[in-house]
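One structure is given below, encoded as C-alpha coordinates.
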Amino acid sequence: MGYERIQKPEGLLYHYTRKENLESILRDGRIRKFCDRETWFTKSLADTLRLMSLTVMQEGAAYYDARGRLQRYPAFVPEDYVVLELTPRYQSGEWVIWNQELPPNAPQSVRELAEEFSHLKLGYRGDLKFWENPVIYEMTDLLEEPEQTSEMKMQ
(Lines give C-alpha, C1' and ligand atoms only; values in the text may rest on other atoms or scores of the structure.)
Protein backbone atom coordinates (compact mmCIF):
# COMPACT_ATOMS: atom_id res chain seq x y z
CA MET A 1 0.00 0.00 0.00
CA GLY A 2 2.29 2.82 1.21
CA TYR A 3 1.90 6.30 -0.23
CA GLU A 4 -1.14 7.28 -2.25
CA ARG A 5 -1.47 10.55 -4.14
CA ILE A 6 -4.55 12.57 -3.30
CA GLN A 7 -6.19 15.74 -4.55
CA LYS A 8 -5.13 19.01 -2.98
CA PRO A 9 -7.36 19.55 0.07
CA GLU A 10 -9.70 22.52 -0.04
CA GLY A 11 -10.08 25.06 2.74
CA LEU A 12 -8.20 25.40 6.00
CA LEU A 13 -5.49 23.06 7.20
CA TYR A 14 -4.19 22.41 10.71
CA HIS A 15 -0.67 21.67 11.82
CA TYR A 16 0.61 21.00 15.32
CA THR A 17 4.10 22.00 16.31
CA ARG A 18 6.24 22.66 19.31
CA LYS A 19 6.23 26.31 20.45
CA GLU A 20 9.98 26.51 19.91
CA ASN A 21 9.28 26.26 16.14
CA LEU A 22 6.57 28.92 16.05
CA GLU A 23 8.74 32.01 15.59
CA SER A 24 10.54 30.65 12.54
CA ILE A 25 7.33 29.29 11.02
CA LEU A 26 5.63 32.68 11.31
CA ARG A 27 8.72 34.54 10.07
CA ASP A 28 9.12 32.27 7.02
CA GLY A 29 5.40 32.03 6.20
CA ARG A 30 5.72 28.31 5.55
CA ILE A 31 5.76 24.93 7.21
CA ARG A 32 9.03 23.30 6.24
CA LYS A 33 9.45 19.58 5.96
CA PHE A 34 11.78 18.14 8.55
CA CYS A 35 13.25 14.66 8.17
CA ASP A 36 10.26 13.16 6.38
CA ARG A 37 9.66 13.59 2.69
CA GLU A 38 6.36 15.20 3.67
CA THR A 39 4.98 17.76 6.05
CA TRP A 40 1.81 16.56 7.78
CA PHE A 41 -1.52 18.39 8.17
CA THR A 42 -5.08 17.64 9.18
CA LYS A 43 -8.47 18.91 8.04
CA SER A 44 -9.82 19.92 11.48
CA LEU A 45 -8.92 20.61 15.08
CA ALA A 46 -10.68 17.39 16.09
CA ASP A 47 -8.52 15.42 13.62
CA THR A 48 -5.42 17.16 14.97
CA LEU A 49 -6.24 16.23 18.56
CA ARG A 50 -6.99 12.65 17.55
CA LEU A 51 -3.72 12.39 15.62
CA MET A 52 -1.83 13.76 18.59
CA SER A 53 -3.59 11.31 20.91
CA LEU A 54 -2.29 8.48 18.71
CA THR A 55 1.25 9.86 18.55
CA VAL A 56 2.91 12.53 20.72
CA MET A 57 0.46 12.06 23.60
CA GLN A 58 1.44 8.37 23.89
CA GLU A 59 4.14 8.80 26.52
CA GLY A 60 6.55 5.87 26.44
CA ALA A 61 4.94 4.19 23.42
CA ALA A 62 7.25 2.88 20.71
CA TYR A 63 7.30 4.31 17.19
CA TYR A 64 9.64 4.40 14.19
CA ASP A 65 11.07 7.80 13.35
CA ALA A 66 11.55 9.22 9.84
CA ARG A 67 14.90 7.45 9.60
CA GLY A 68 13.41 4.06 10.52
CA ARG A 69 14.85 3.94 14.04
CA LEU A 70 12.80 2.65 16.95
CA GLN A 71 12.05 5.47 19.40
CA ARG A 72 9.80 6.07 22.40
CA TYR A 73 7.54 9.08 22.82
CA PRO A 74 8.74 11.38 25.60
CA ALA A 75 6.42 12.87 28.21
CA PHE A 76 3.74 15.01 26.58
CA VAL A 77 3.80 18.58 27.91
CA PRO A 78 0.75 20.47 26.52
CA GLU A 79 2.37 23.85 27.26
CA ASP A 80 5.05 23.01 24.69
CA TYR A 81 2.59 22.72 21.75
CA VAL A 82 0.39 24.91 19.59
CA VAL A 83 -1.90 24.14 16.67
CA LEU A 84 -1.87 26.42 13.65
CA GLU A 85 -4.99 27.01 11.55
CA LEU A 86 -3.61 27.78 8.10
CA THR A 87 -4.93 29.11 4.83
CA PRO A 88 -2.56 27.59 2.25
CA ARG A 89 -1.11 29.73 -0.52
CA TYR A 90 -0.15 28.52 -3.97
CA GLN A 91 1.68 25.21 -3.87
CA SER A 92 3.39 23.15 -6.52
CA GLY A 93 4.11 20.04 -4.46
CA GLU A 94 2.10 16.86 -4.37
CA TRP A 95 -0.36 15.74 -1.68
CA VAL A 96 -0.30 12.19 -0.31
CA ILE A 97 -1.60 9.96 2.43
CA TRP A 98 0.42 7.15 3.95
CA ASN A 99 -1.53 3.93 4.13
CA GLN A 100 -0.23 2.02 7.14
CA GLU A 101 1.26 -1.30 6.12
CA LEU A 102 0.16 -4.30 8.15
CA PRO A 103 0.80 -8.02 8.04
CA PRO A 104 -2.03 -10.02 6.44
CA ASN A 105 -2.99 -11.61 9.76
CA ALA A 106 -3.32 -8.32 11.69
CA PRO A 107 -6.42 -8.25 13.93
CA GLN A 108 -9.44 -6.31 12.68
CA SER A 109 -9.12 -3.75 15.49
CA VAL A 110 -5.55 -2.99 14.40
CA ARG A 111 -6.68 -2.70 10.76
CA GLU A 112 -9.41 -0.23 11.73
CA LEU A 113 -7.00 1.90 13.76
CA ALA A 114 -4.46 1.87 10.91
CA GLU A 115 -7.16 2.99 8.47
CA GLU A 116 -8.21 5.83 10.77
CA PHE A 117 -4.61 6.90 11.35
CA SER A 118 -3.82 6.84 7.64
CA HIS A 119 -6.70 9.17 6.81
CA LEU A 120 -6.26 11.62 9.70
CA LYS A 121 -3.11 13.10 8.24
CA LEU A 122 -2.44 14.67 4.87
CA GLY A 123 1.12 14.81 3.61
CA TYR A 124 2.50 17.60 1.49
CA ARG A 125 5.75 17.00 -0.38
CA GLY A 126 7.35 20.38 -0.13
CA ASP A 127 7.31 23.39 2.13
CA LEU A 128 3.72 24.57 2.53
CA LYS A 129 3.33 28.32 2.21
CA PHE A 130 0.41 29.92 4.01
CA TRP A 131 -1.20 33.35 4.24
CA GLU A 132 0.04 35.50 7.09
CA ASN A 133 -1.60 35.74 10.51
CA PRO A 134 -2.69 32.14 11.00
CA VAL A 135 -4.87 31.37 13.98
CA ILE A 136 -2.77 29.92 16.79
CA TYR A 137 -4.40 27.62 19.32
CA GLU A 138 -2.72 26.91 22.63
CA MET A 139 -2.71 23.16 23.27
CA THR A 140 -3.57 23.74 26.94
CA ASP A 141 -6.78 25.53 25.89
CA LEU A 142 -7.71 22.83 23.38
CA LEU A 143 -7.36 20.09 25.98
CA GLU A 144 -9.37 21.98 28.61
CA GLU A 145 -12.45 22.62 26.50
CA PRO A 146 -12.24 20.88 23.11
CA GLU A 147 -15.89 21.62 22.24
CA GLN A 148 -15.19 25.36 22.35
CA THR A 149 -12.07 25.41 20.19
CA SER A 150 -13.49 27.87 17.69
CA GLU A 151 -13.56 30.54 20.41
CA MET A 152 -10.02 29.95 21.68
CA LYS A 153 -7.83 31.90 19.31
CA MET A 154 -4.58 33.68 19.95
CA GLN A 155 -3.20 36.18 17.44
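Top to bottom by accessible area (1.4 Å), largest first, where do ARG125, ARG5 land?
Correct descending sequence by accessible area is ARG5, ARG125.
When every alpha-carbon pair in the chain is counted, what percent end up more than 19 Å apart?
On the way: 6753 of 11935 pairs.
Percentage above 19 Å: 57.
Taking 7 Å along the Cα-to-C-beta vector as the label spot, tell me the ARG37-SER24 distance in nanometres, rounded to one decimal.
About 2.3 nm separates the two model spin labels.
Over the chain, what is the relative contact order in percent, taking alpha-carbon pairs closer than 8 angstrom and at least six residues apart?
On the way: 267 pairs, mean separation 51.5, N = 155.
Rounded, it is 33 percent for the chain.
If you line up the long axis of helix 108-120 against the longest principal axis of the chain, both from Cα atoms, how many degrees apart are they, to the nearest 10?
Helix 108-120 sits roughly 30 degrees off the main axis of the chain.
How much of ASP80 can a 1.4 Å solvent probe reach, expressed as accessible area in Å² and rounded to 10?
Counting only protein heavy atoms, ASP80 exposes about 60 Å² to solvent.
What value, in deg cm²/dmol to 500, does the helix sum -39500 (n - 2.57) over DSSP H runs of n ≥ 4 give at 222 nm once divided by the residues of the chain? Each step should come with its number before you reach the end.
On the way: 4 runs with 36 residues, N = 155.
The helix contribution divided over the chain gives -6500 deg cm²/dmol.
Can you give the accessible area of PHE76 in Å² (nearest 10), computed on protein heavy atoms with a 1.4 Å probe?
40 Å²
Using 0.36 nm times the number of residues separating TYR64 and GLU144, minus their current alpha carbon distance, what extension gain do you get?
Details: separation 80, 0.36 × 80 = 28.80 nm, distance 2.96 nm.
This chain segment gains 25.8 nm when fully extended.
So if each residue of separation counts as 0.36 nm, and I subtract the Cα-Cα distance between ASN105 and GLU4, what length gain in nm does that give?
On the way: separation 101, 0.36 × 101 = 36.36 nm, distance 2.25 nm.
Additional length available on full extension: 34.1 nm.
The values are calculated or read from the model by the stated rules, or taken from the named source; none is laboratory data. The structure presented is a predicted model; accordingly, all values stated were derived computationally and were not measured. When we count neighbours, we look across all protein chains shown, and the Cβ atoms used for this are built from the backbone with ideal geometry, even at glycine. We work out accessible area using only protein heavy atoms, side chains counted, and drop any ligands, DNA or RNA first. Shrake-Rupley method; radii C 1.70, N 1.55, O 1.52, S 1.80 Å.
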